[in-house]
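Colleague: I'd like to ask you about the structure that follows.
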4 protein chains.
Amino acid sequence: MSRTAKAAVYDAPNTPFVLKEYPLRPVKNDEVLVKVTMSTICRSDIHSYEGHRPNPCPGILGHEIIGTIDQLGSDIKKDMRGDTLKVGDRITWSEYFYHGECYYREVHDMPQKCHGVRKYGHDLAEEDPHFLGGFAEYCYILPGTWILKLPDELSDEEATPINCGVATMVSVTEAAEIQMGDAVVVQGLGLLGLYGCAMAKARGARLVIGVDAVESRLDVAKKFGADHTFNAAKMKPAEVTKAVRALCKPDGADAVIEVCGVPDVIPQGMEMLRTGGRYVLGGLVSPGANVTIDANMIVKKWIQMRGIHNYHPRHLIQALDFVMANRDRFPFKSIVDSKFQLKDLQEAFRKASERTVLRAAVIP
Amino acid sequence: MSRTAKAAVYDAPNTPFVLKEYPLRPVKNDEVLVKVTMSTICRSDIHSYEGHRPNPCPGILGHEIIGTIDQLGSDIKKDMRGDTLKVGDRITWSEYFYHGECYYREVHDMPQKCHGVRKYGHDLAEEDPHFLGGFAEYCYILPGTWILKLPDELSDEEATPINCGVATMVSVTEAAEIQMGDAVVVQGLGLLGLYGCAMAKARGARLVIGVDAVESRLDVAKKFGADHTFNAAKMKPAEVTKAVRALCKPDGADAVIEVCGVPDVIPQGMEMLRTGGRYVLGGLVSPGANVTIDANMIVKKWIQMRGIHNYHPRHLIQALDFVMANRDRFPFKSIVDSKFQLKDLQEAFRKASERTVLRAAVIP
Amino acid sequence: MSRTAKAAVYDAPNTPFVLKEYPLRPVKNDEVLVKVTMSTICRSDIHSYEGHRPNPCPGILGHEIIGTIDQLGSDIKKDMRGDTLKVGDRITWSEYFYHGECYYREVHDMPQKCHGVRKYGHDLAEEDPHFLGGFAEYCYILPGTWILKLPDELSDEEATPINCGVATMVSVTEAAEIQMGDAVVVQGLGLLGLYGCAMAKARGARLVIGVDAVESRLDVAKKFGADHTFNAAKMKPAEVTKAVRALCKPDGADAVIEVCGVPDVIPQGMEMLRTGGRYVLGGLVSPGANVTIDANMIVKKWIQMRGIHNYHPRHLIQALDFVMANRDRFPFKSIVDSKFQLKDLQEAFRKASERTVLRAAVIP
Amino acid sequence: MSRTAKAAVYDAPNTPFVLKEYPLRPVKNDEVLVKVTMSTICRSDIHSYEGHRPNPCPGILGHEIIGTIDQLGSDIKKDMRGDTLKVGDRITWSEYFYHGECYYREVHDMPQKCHGVRKYGHDLAEEDPHFLGGFAEYCYILPGTWILKLPDELSDEEATPINCGVATMVSVTEAAEIQMGDAVVVQGLGLLGLYGCAMAKARGARLVIGVDAVESRLDVAKKFGADHTFNAAKMKPAEVTKAVRALCKPDGADAVIEVCGVPDVIPQGMEMLRTGGRYVLGGLVSPGANVTIDANMIVKKWIQMRGIHNYHPRHLIQALDFVMANRDRFPFKSIVDSKFQLKDLQEAFRKASERTVLRAAVIP
């Protein structure tokens, strides 16, 4: 077989994406080759492209990917839920993979924290198997990846963010231990925050409050389950806190979820909580997120603060089930609000970077 | 009845304790009058005496108290575990009390966090019933207090700290979710830290590491279950962290417990933890415990940080049971290492303040 | 004040209800007098009326009650969530009450399990304060009851079942530890089962399967969140089990909830579960519910079986919040499908007993 | 290499063990060859030998095994805790193994419940690699097994039961959610029960009560942490229940653990529990363990019943750490109370079967 396929490759941070051809080789027994049907641009793709993350170059970015099975290794019979897999099936898969022994997975059930875990969209394009990122016509799925079949009724737009933003928010909202009737605050109403609002509602919250500094996001959040929103750019922090606490009777929010990536919101989140409240940090994924907190407030208010990074394989299944169960309730389809061809990846990145689109999709 | 009894009263912070007589009145139906057999000086008594806490004056300090029942209100038949109470029984009781409706108790099972909760050793001596602190011949127990009968075999020295330090550490170590075989670090080896080391062991930890800046405490800690100790005054923080991590194979401590009252140890505690580790803050009980942390480490390492203040009624029972079950294993008796008469309270406070004694007891 | 009011009283099991007048006395400081606006007939009222439960006679039945405050004791300022109470407010309240010390409440946070707990609709009508049941014009609320203000937008029909069936099902579904995406089976589609289906969905279940032997209930259940239903009267047990397991891919249900009151369904429920599944028993409230199980299946399948009876005060708040948050999603209003005057209580009981109505309401 | 080694093989249930020689082949990259230093006879070995379990024949029994590494596959660098492995190291390993994808492991973190999981001591001796059981000079460790290095100070007698009875009881006692100060009943004082008593104590129980029908076991249990014991052969069930409840003030045991293998004890265990108590079934590993229970008691008493079978990899580490941390407190060494050569396996089985020894060890 001497097939080749195209990929959008960048040679160094901030240099133009170029379409290149690489050979496609037959899959090994424990691999899958996927024909990509859609990839979306995640904020971390932009960080990588701008050189803020140590991605090897030349590289193919993109880890929010779905596609149809082109070749299926002979050892792979079923997806992670036990459904039979065959050529032609449309699938999603975990954005990370790890093969081999791992203390964190086997002892602590944290496969996402194995030392040496790898992520799609983070490899050299020049090396075999070349295709390990979303912005290409094909993608290989390597051993140690969790694969999940997609139901036909789900559109590509609804399905593509599942293996990154949606699954991460399943992990984050699970850690928030949301009980039926809880009052939940979401700090940051980007993609993660929108799914966060919707999931808080889907887990039984009575009241979801969103906070962001971009006015347009506040309106969108209301469609995703936020009962109230506050514009942090137009109110003083103390006013926002006071307004939130007034809504969360009798004594503050049961849970606060940080997905804005700004460490300075932490003291405010602590103020919003009731005694015994839970605080989950999910957005502070960049090093050096220094913030000064009053640790006495943690003690006096019995605050439980928890960091969540990435997700467990079960969260991928839950992410799919969440989207399937709530697609009539929340307009997930509208999140992917612009589509580009592979050759126009540069423009897609520009718009995603400017935030003039919510989620840019590439259809190779 | 025109009985009177003596109390050691201070008129203002840092003024001498004076023995005063106040009338003893018959108990109401829901009260108990106790003849104090021993009270110990808690660090917070010293803070109050020095004016760092807003205690009303003239006042009777002391909340770590035990005694024998002198009068029993007719409505009080049993202790909190269901054992029958009668005049002459030796008892301990919760250091705090609250009577009436309370959202936090009834909805969230946090009676220690009721708005308006009161504490023994924190009232005006001039007002009825006068005797509500430990440094006196008698003490009234008011409604909303949990009472617990003491077994005869337990010495006063072992029993007196139960209702404060021991019960608080039951609460703290419970929050640390110590599993069998865990590696646990205790930051601060004062009274709380010593009980903390012993409880970590009694909950199944395989490895307990104590850190303090006072050399003599390190030796004492080894008798209370610490397998290793480090002197934070003699090593650089990074060295301590490295040494701790080397002991906690393969990747750091499962739990860290802060009971030293110094917020600056928090970043170090975070470094010591493995991914997914638990951090319980128990000693930062004074306002303004500001500290700068890297919130990204909380996210990346999936740290669970939790503040604990005071204790639940069940922890008082557990505290007694812990001391009873482990008194042959750990030298609890040695913690109360000096005794004073009521008239010598001044000297007792001086020694406790200088830390030349571990726990000073007053026997009225 | 020499006011009187009417109540529907029965002198002995199965004897006619008679309207009687009893005096209304002023409330004590810790009591509330409520003018009843609606009471519904619970299955346990019928059991009591038929003599299967040891209710004292002559008695006033009814514990699913709402009403407006007629007199408010001077000590009662707020409801359990902290909202201010005043005369005229429409309220619900816990069906049970207990006043005084209680080991189970204070140590284990199980106030519903206090020895000596009392329930509305279970007292002698001849004794002060006479009005302690729902089928009367007034009802006294005694100390140790949790009171909760009702929002104006909630209809009486939606509000009345909250303090019994809805709150109990919050307790039951909480114990089922439903995770987002779970497959949940509900055995029994009476009032409890309908709320159970809806709550499973509201807690994030992807798949809710209802089983009952009454065909008409299966259709109703579909409006309350059941995705699939099976008629246990028309299929063999093994067929039902097989069909349920086929729906719950890959290996059975994550949780099964029993609210049918028939012990024989337990082995079937165990078969339906996946390894590690949860089984909550909520309907077996009558003594002598003997059933033979294969305990080896519990061991081999790691089944977690749990009994739930009554509810915690927090569940009352959650019940109200659940109904408020989901009243557009599920037709709660339709559950109360017939209304009667107090003088027609006999007929109401007859219809409720015959199950020709789903929930019969009495409007005094 | 044309080495051979000996194994004690049985050709059919209840036929004599015969020493046979099989070839030893070089290990593959992901295998280990161990020179067996000790194997102990588990009750399930006897069941297999007597034909009550479907073991293939001719076979080599034995899954409680330790030994030293003779050959180490090139892919195996570290044990499950991250310690480096080398030839000569003394190790234990999980009694079960599974290689490949598995829904239960990857989604539900239950690797012990993978479909197709295999167990040492359960294979045909005639097939490669021949040596997969304990009663032989060598044993191969196949991929999907968890390996754990043994500390030098631990004797073979203490170490051998770790990978079966001890680890299983870590799993069982974890499921019992033993809190500090709990009262715990252990039904059955065989090997599992003895470790169960000791672990309940090591997890902080204040009171451990053992029940068995063999008098001699009661005395042994007292050395392993049981505070009280009752002989079920000499007292009526109701008397035992009454006596146990009298010890577990105020209202029954917090947890009951079944490790006797007799389903009829379940109703008694339920009676012993307090409201809200936990019941863990660990001994009912044979099919057809039918028992009639009153399901109403589960509901009324809020009983949580849970079956536990086998153990998680983390429990193997905890089992080792438990034995290491408590070997001065409990006489683990005395459990292996008789030793045999490989050629005398028949006699060892006879004595183990007659229960004239507690744990028979084979030293090849």
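Read-outs throughout are calculated quantities, based only on the coordinates presented, and are distinct from any laboratory measurement. Keep in mind that this is a model prediction, so the values were computed, not measured. Heads up, the Cβs are rebuilt from the backbone with ideal geometry, glycines too, and the neighbour counts pull from every protein chain shown.
Colleague: So what's Rg/Rh here for chain D, counting alpha carbon atoms and using the Kirkwood radius for Rh?
Modeller: On the way: Rg = 20.7 Å, Rh = 21.1 Å.
Answer for chain D: 0.98.
Colleague: Here's another thing I want to ask about it. For the protein assembly as shown, give the magnitude of the charge dipole about the Cα centre (Cβ charges: +1 Lys/Arg, -1 Asp/Glu; no others), in debye to the nearest 20. It would help to have the intermediate numbers written out before the result.
Modeller: Working: 176 positive and 184 negative charges, 0 e Å.
In debye, rounded to 20, the protein assembly as shown gives about 0.
Colleague: Hey, for A:SER74 with labels 7 Å out along Cα-Cβ, what do the inter-copy distances come to in nm, ordered shortest first?
Modeller: Relative to the other copies, A:SER74 has label-point distances of 2.4, 9.1, 9.1 nm.
Colleague: Follow-up question, since we're still on this one. Rounded to the nearest Å, what's the spacing between the alpha carbon centres of segment B:228-289 and segment C:246-304? Just the number, please.
Modeller: Comparing the Cα centres of segment B:228-289 and segment C:246-304, I get a distance of 45 Å.
Colleague: Work out which GluC sites (Glu not before Pro) in chain A are exposed loop sites (DSSP not H, G, I, E or B, at most 10 other Cβ within 10 Å) and give the longest gap free of them. Could you put the intermediate results ahead of the total?
Modeller: Numbers: sites that count: A:GLU127, A:GLU153.
The longest such stretch corresponds to A:154-364.
Colleague: Give me a comma-separated list of calculated 3J(HN,Hα) values for segment C:208-220, in order, Karplus coefficients 6.51, -1.76, 1.60 applied at θ = phi - 60°, integers in Hz, x for any Gly or Pro.
Modeller: 10, 10, x, 10, 7, 9, 10, 4, 4, 5, 4, 5, 4
Colleague: Say a label goes 7 Å from Cα toward Cβ at D:PRO13 in every copy; what distances in nm does this one have to the rest, shortest first?
Modeller: 5.2, 7.0, 8.1
Colleague: With charges set only on the Cβ (+1 for Lys and Arg, -1 for Asp and Glu), what does the dipole of chain D come to about its Cα centre, in debye to the nearest 20? Could the numbers behind the result be given before it?
Modeller: On the way: 44 positive and 46 negative charges, 160 e Å.
Charge dipole of chain D: 760 debye, to the nearest 20.
Colleague: Modelling each spin label as a point 7 Å along the Cα-to-Cβ direction, I'd like the A:SER286/D:GLU354 distance in nm, to one decimal.
Modeller: 7.7 nm
Colleague: Give the value in nm², to one decimal: projected area of the alpha carbon convex hull of segment C:153-230, averaged over all directions. Before the final figure, lay out the partial values.
Modeller: Details: hull surface 20.5 nm².
With every direction weighted equally, the projected area is 5.1 nm².
Colleague: Based on Cα positions only, what radius of gyration and what Dmax would you give for segment A:184-272, in angstroms?
Modeller: For segment A:184-272, the Cα-based Rg and Dmax read 11.4, 31 Å.
Colleague: Can you list the residues, at least 5 places off or on another chain, whose amide H is less than 5 Å from the amide H of A:HIS63, using H built in the peptide plane?
Modeller: The list, which skips near neighbours in sequence, is A:CYS42, A:GLY134.
Colleague: Shifting gears a bit: Take segment D:1-114, compute every pairwise Cα distance, and split them into 5 Å bins from 0; I just need the percent in each bin.
Modeller: Once binned at 5 Å, the Cα pair distances of segment D:1-114 give 2, 9, 14, 18, 19, 18, 12, 6, 1.
Colleague: Based on the Cβ-Cβ distance of C:LYS236 and C:SER216, what FRET efficiency does E = 1/(1 + (r/R0)^6) give at R0 = 30 Å, to the nearest 0.05? Please report the intermediate quantities before stating the final value.
Modeller: Numbers: r = 21 Å, r/R0 = 0.71.
With R0 = 30 Å, the Cβ-Cβ based efficiency is 0.90.
Colleague: How far apart, in nm, are the 7 Å Cα→Cβ label points at D:ASP264 and A:LYS249?
Modeller: A separation of 6.0 nm, rounded to one decimal place.
Colleague: Find every distance from the label point of D:PRO26 to the corresponding label point in the other copies (7 Å from Cα along Cα→Cβ) and write them in nm, one decimal, shortest first.
Modeller: 2.8, 9.7, 10.1
Colleague: Sticking with this structure for a sec: Please give the calculated 222 nm ellipticity per residue for chain A, where each DSSP H segment of at least 4 residues contributes -39500 (n - 2.57) and the sum is spread over every residue; nearest 500 deg cm²/dmol? Kindly include the intermediate steps, with their values, before the conclusion.
Modeller: Working: 11 runs with 98 residues, N = 364.
-7500 deg cm²/dmol, from helical runs alone.
Colleague: Find the centroid of the Cα atoms in segment C:103-146 and in segment D:78-104, then give the distance between the two in whole Å.
Modeller: 59 Å
Colleague: Averaged across A:80-86, how many Cβ atoms of other chains sit within 10 Å of each residue's Cβ atom?
Modeller: Working: counts 6, 5, 7, 2, 0, 0, 0.
Neighbouring Cβ atoms belonging to other protein chains average 3 per residue here.
Colleague: Of all the residues in chain A, which one has the C-beta that comes nearest the axis relating A to D, and what is the distance in Å?
Modeller: So the chain A residue sitting closest to the axis is A:ASP109, 2.
Colleague: Oh, and also: What's the tally of Lys pairs in segment C:231-364 whose alpha-carbon atoms lie under 18 angstrom apart, where the two lysines are 8 or more places apart or on different chains?
Modeller: On the way: C:LYS234/C:LYS242; C:LYS242/C:LYS301; C:LYS249/C:LYS301; C:LYS339/C:LYS351; C:LYS343/C:LYS351.
Counting lysine pairs in segment C:231-364 gives 5.
Colleague: In the Gaussian network model of chain C, springs joining C-alpha atoms below 10 Å, which of C:PRO143, C:PRO287, C:PRO23 carries the largest mean-square fluctuation?
Modeller: Top of the fluctuation ranking is C:PRO287.
Colleague: What's the longest bit of chain B with no exposed trypsin sites (Lys or Arg not before Pro), using DSSP loop states and at most 16 other Cβ atoms within 10 Å as the test?
Modeller: Numbers: sites that count: B:ARG3, B:LYS28, B:LYS77, B:LYS86, B:LYS234, B:ARG327, B:ARG329, B:ARG355.
Longest site-free region, per DSSP loop and neighbour criteria: B:87-233.
Colleague: Using amide H atoms built 1.01 Å from N in the peptide plane, name the residues 5+ places from A:LYS339, or on other chains, whose amide H lies under 5 Å from its own.
Modeller: A:ALA361
Colleague: Over all directions, the average projected area of the alpha-carbon convex hull for segment C:69-223 comes to how many nm²?
Modeller: Numbers: hull surface 47.4 nm².
Averaged projected area of segment C:69-223's Cα convex hull equals 11.8 nm².
Colleague: Separate question: Pop out the ³J(HN,Hα) list for segment A:268-283 in order, Karplus 6.51 cos²θ - 1.76 cosθ + 1.60 with θ = phi - 60°, rounded to Hz; leave Gly and Pro as x.
Modeller: Those phi angles translate into 5, x, 4, 5, 5, 6, 6, 4, x, x, 10, 10, 10, 9, x, x Hz.
Colleague: Report, as an integer, the average count of C-beta atoms from other chains found within 10 Å of each Cβ along D:273-285. Mind dumping the intermediate values first?
Modeller: Working: counts 0, 5, 9, 6, 1, 2, 2, 3, 6, 1, 2, 7, 3.
Averaged over the peptide's residues, the number is 4.
Colleague: Using only the alpha-carbon atoms, what does the protein assembly as shown span along each of its principal axes? Please give whole angstrom values in decreasing order.
Modeller: 99, 66, 65
Colleague: Each residue of segment D:130-146 in turn: what ³J(HN,Hα) in whole Hz from Karplus with 6.51, -1.76, 1.60 and θ = phi - 60°, glycine and Pro shown as x?
Modeller: Whole-Hz 3J(HN,Hα) from phi for segment D:130-146: 6, 8, 10, x, x, 8, 7, 6, 9, 8, 7, 10, 9, x, x, 9, 9.
Colleague: What is the distance in Å between the Cα centroid of segment A:4-49 and that of segment D:1-53?
Modeller: Distance between centres, Cα-based: 52 Å.
Colleague: Moving on. Between D:THR4 and A:HIS52, what is the spin-label point distance in nm, taking each point 7 Å from the Cα along the Cα→C-beta axis?
Modeller: It is 7.0 nm.
Colleague: Treating only the Cβ of Lys, Arg, Asp and Glu as charged (+1, +1, -1, -1), what charge dipole size does segment B:165-267 show about its Cα centre? Round to the nearest 20 debye.
Modeller: Details: 11 positive and 12 negative charges, 61 e Å.
Approximately 300 debye in magnitude.
Colleague: Using 0.36 nm times the number of residues separating A:GLU126 and A:ASN14, minus their current alpha carbon distance, what extension gain do you get? Mind dumping the intermediate values first?
Modeller: On the way: separation 112, 0.36 × 112 = 40.32 nm, distance 1.86 nm.
Gain on stretching A:GLU126 to A:ASN14: 38.5 nm.
Colleague: Using only C-alpha atoms and all pairs of different ones, pull out the Kirkwood radius for segment C:215-351 in Å with one decimal.
Modeller: On the way: mean 1/r = 0.0566 Å⁻¹.
Over segment C:215-351, the inverse of the mean reciprocal pair distance is 17.7 Å.
Colleague: Which far-off residues, 5 or more places away or on another chain, put their amide H under 5 Å from the one on B:LEU273, with H placed in the peptide plane?
Modeller: B:ALA253
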